[in-house]
Amino acid sequence: MLFSSTIFLFFFFPAVFLIYYGLSFSRLMQNIWLFLMSLLFYAWGKPVNVLLLLGSIVVNWLAGVLLGAAKKPRIRKAILVAACIANLGVLGAFKYTGFVVEFINSLFPQNVLTPVSIALPIGISFFTFQALSYVIDVYKGTAAAEKNPFYVGLYISFFPQLIAGPIVRYNSIAEQIRVRESSLKKISVGCCRFLVGLGKKVILANNLAILADLVFGWSELGTARMDLPVLTAWMGLAAYTLQIYFDFSGYSDMAIGLGLMFGFRFEENFDYPYAASSVTDFWRRWHISLTSWFREYVYFPLGGSRVTNKDIMVRNLFVVWLLTGIWHGAGWTFIFWGLWHFLFQLAERFFGYADGSRNKGWMHLYTILEVSIGWVFFRAKDLYQANVYLKNLVGLGGNSFLNDMTGFLLHEYWIFLVLGAVLSLPVAKKVNTYLVSPRFGKLGAVASWLYPAAMFALYLVCVSYIVRGSYNPFIYFNF
């Protein structure tokens, strides 16, 4: 079920919301209601997958209880290892079996293994990592073992952030499950946050997706069948660069907003990453919850950067980015994408540019270029198509610089490209800060009154797009 769908906006969410507050006399009943509705939300597309989610809940709840009861270090470590194998084993089986079989077959003249195609359960990478963080935190002693299976179930399955994050650590939400405050202010702020995310998705990401899909599709046809001019290739890359940001940050905004409406506070998942002044800074701002997960549970345990031997630091960084690429998808393009970012972050560390404090203008331009080129590998079907697209960007594919189609596409989509570029930077945030400051006096007061009207207008525009059937699935649902 998509947040940007009529079934969610007009039926599922209103029913869940109204009954939730109708159960205000009992926090336990509210939690059970949210848990049951989260299972329904996940089962909506493919009901059988809810069994996998329930299995994850039971296994990790049981692992937490056993860790809480065990005292001997050897037994505790055995429980942790077993939980990791169970979680990562299921994730690997669903996500990477086909890729591994294809790779093995490619080493021989004929297939030695039967090709495998397994449908990937939606959001499995997200709820698996979230469940793992709970078990690891209980093992480390930074989170208490939860004996109530419904609370662990709600933590893992809570529908706002179930299938595309943000990845929430248990110790940041454990107390909120039991005790949380709901207020009209929280509901209104959450509603506005949800609408902003909905606008990002429906108005910007979906329209930019049309342009990106057209251009990348033409590139796959090859120059012999479709000339993809240099300028058009850059336009398509810009569209995808903005699409993936507004698609994913829009989902995060909606998840955070929905959480607020039910009294939960989730940590931010994006902080204007395209305003970053280094690749290292970009990854402090993009998908913050995943970056934090790898830092806390992989990079630091390996030794991080606080090691006397720099070779070990390089190894640690390499492992993190190799795993980051693998986490995003079963394919060489994702592995190459992860290693692409590894090389640039490694160079920034050695040359002292990781903090982005020097030559900020040039560093920002370099960062945008590095990230955008990386998205080519992320978007391409395979490394061959990525190579073809890169050649089109610099005119090495036998392509022209521009043609009539370039002008047509620019005429059709310039408004979305311009709006996307402006709103991907903290312009709106700064304008809002200035308007509410005392220096604006009555103007700020008028703006505060107009804000609800603007949000309602945004809602109407989004609904008009959704009713026309122009929405498409979120990109990160694939991971």
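The values are calculated or read from the model by the stated rules, or taken from the named source; none is laboratory data. Predicted model, so just to flag it, every value in this text is computed and none were measured. As a convention, Cβ positions derive from the backbone with ideal geometry for all residues, glycine included, and neighbour counts pool all protein chains shown. For the accessible areas, the whole protein counts, side chains as well, though only heavy atoms, and no ligand, DNA or RNA atoms are used. Shrake-Rupley method; radii C 1.70, N 1.55, O 1.52, S 1.80 Å.
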Is it the case that the stretch 68-85 has a residue that's within 30 Å of L2 (Cβ to Cβ), open to solvent by less than 90 Å² (accessible area, probe 1.4 Å) and in contact (Cβ under 8 Å) with a residue 24 or more places away in the chain? no
Tabulated pairs, the stretch 344-364, first at positive phi, second assigned to a helix (DSSP H, G or I) and surrounded by 11 or more Cβ atoms within 10 Å (Cβ to Cβ), C-beta under 7 angstrom, 6+ apart or interchain: G356/D281; G356/M363
Of all residues in the stretch 313-341, which are open to solvent by 60 Å² or more (accessible area, probe 1.4 Å) and more than 18 Å from I373 (Cβ to Cβ)? R315, F318, L323
Output yes when any residue across the stretch 217-226 is in contact (Cβ under 8 Å) with a residue 40 or more places away in the chain and aromatic (F, W, Y), and no when none is. no
Of all residues in the stretch 292-312 being within 26 Å of the chain's Cα centre (by Cα) and hydroxyl-bearing (S, T, Y), which is surrounded by the most Cβ atoms within 10 Å (Cβ to Cβ)? Y299
Counting only residues that are open to solvent by less than 60 Å² (accessible area, probe 1.4 Å) and not acidic (D, E), the stretch 365-406 contains a total of 25
For the stretch 226-318, which fully contained helices (runs of 4 or more DSSP H) count at least 1 residues that are of a type in the set (G, A, S)? 230-261, 288-294
Tell me the residue from L52, L36, L113 that is part of a helix (DSSP H, G or I) and in contact (Cβ under 8 Å) with a residue 12 or more places away in the chain, please. L52
Looking only at the stretch 123-171, and only at residues there that are among the basic types (K, R) and over 18 Å from N31 (Cβ atoms), the one that is surrounded by the fewest Cβ atoms within 10 Å (Cβ to Cβ): K140
Got a sec? Which of T324, T333 is of a type in the set (S, T, N, Q), part of a helix (DSSP H, G or I) and either more than 19 Å from S278 (Cα to Cα) or without any contact (Cβ under 8 Å) to a residue 12 or more places away in the chain (or both)? T333
Starting from residues that are aromatic (F, W, Y) and under 22 Å from N316 (Cα atoms), keep the ones in the stretch 345-374 and report whichever is modelled with the lowest pLDDT. Y353
Could you tell me whether the stretch 280-291 includes any residue that is open to solvent by 10 Å² or more (accessible area, probe 1.4 Å), free of Cβ contacts under 8 Å to residues at least 40 places away in the same chain, among the hydroxyl-bearing types (S, T, Y) and over 24 Å from Q385 (Cα atoms)? yes
Residue count for the stretch 210-231, restricted to those that are under 30 Å from M455 (Cβ atoms), surrounded by fewer than 22 Cβ atoms within 10 Å (Cβ to Cβ) and not acidic (D, E): 1
What about L425, is it aliphatic (A, V, I, L, M), farther than 17 Å from V215 by Cβ and either at pLDDT 90 or above or open to solvent by less than 70 Å² (accessible area, probe 1.4 Å) (or both)? yes
